[in-house]
Every structure is written in C-alpha cells, then in structure tokens.
Amino acid sequence: MNRTAIVLCTVVAAAGLAACSSDDTAPQAPEASKSAAIPKASASQQIADGLAKLGIPRRPDAATQARYIVALTSIDPDIVHGKPDKAVDRGRNQCSVIASNPKDQAKQVELANKRFTSPAHPDGFGLAKAAEVNEVVHAQLCPGS
C-alpha cells in the first residue's frame, strides 16, 4: 500500500472513530452545512459543462442518433459494426478534436481514422472514409464546432 493510501485510510478511520464517540463536547457540524449538499442535477450539469469545455457535446437525442448511425452505415456498415452507442461515443470524442483543431483538417481525419476502428479494420478504414466519417460527426453531433 502506498503512502497516500495509508494516510487516507488513517484519516478515514480517525474520522469514523470520532463520529462514533459518545462525547457530547465534540464539535457538531452546523445544520446549514448538512443541507448544502449539491443536488444530482447540478452535479450532472457540472459534468456536462466540463465536457462541453473540452468540445465534447451531450449525447444526441434519439432522432439525431438514428440519422448519425444511418450516415455512418452508408459510408461502411462495419464502422458501426452493431455497436451504435460505441459509435456515438467515438463521434462525441471526435468533436473535441474538431473543436481543438478547427483549421487542421488533416489532423481531424488522421484521428478519425485512428478512432473509428472495428475488429475487421483495427487500423481504421483509410483516410478517404475517415474524411467522410469526420464530416458526418461534424454535421450530426457537433455542428457548432
């Protein structure tokens, strides 16, 4: 066990023992701080905001996802290879490349070729198809980039 883990375990154990103490003189947490927990919606919004800063959009709605999958399948059915959720995740991640390299089409295509693979195409589908995939991703998942 590394040093950090040992220290963390010690702190957690000490906090647990203090919480179990029957000493009424132990300081109590104020009531206001107990109710100040972050609502789940706020936490998920913070995650979405963080991803958006990286150029990763929210998951598309069902209609957009269906159009996206049809467009990828029209390029090559093996791009999706029966895993539409994986194709969507890859596309959302590709949006970050598009956002961070808006003027570098060659880099976008190169990374799309590396990102969109399948068991039959472990090294990608080639630069021509990767360029088409990149266009579909941009148009369907991150048109604002």
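With respect to V12, determine if the residue is over 22 Å from the mean Cα position of the chain (by Cα), modelled with pLDDT under 95 and of a type in the set (A, V, I, L, M).
yes
Among what's in the range 62-114 and is closer than 11 Å to Q140 by Cα and among the polar types (S, T, N, Q), pick the residue that is nearest to the chain's Cα centre (by Cα).
Residue satisfying both the conditions and the ranking: Q65.
The values are calculated or read from the model by the stated rules, or taken from the named source; none is laboratory data. In this text the structure is predicted, and so the values were computed from the model without any measurement.
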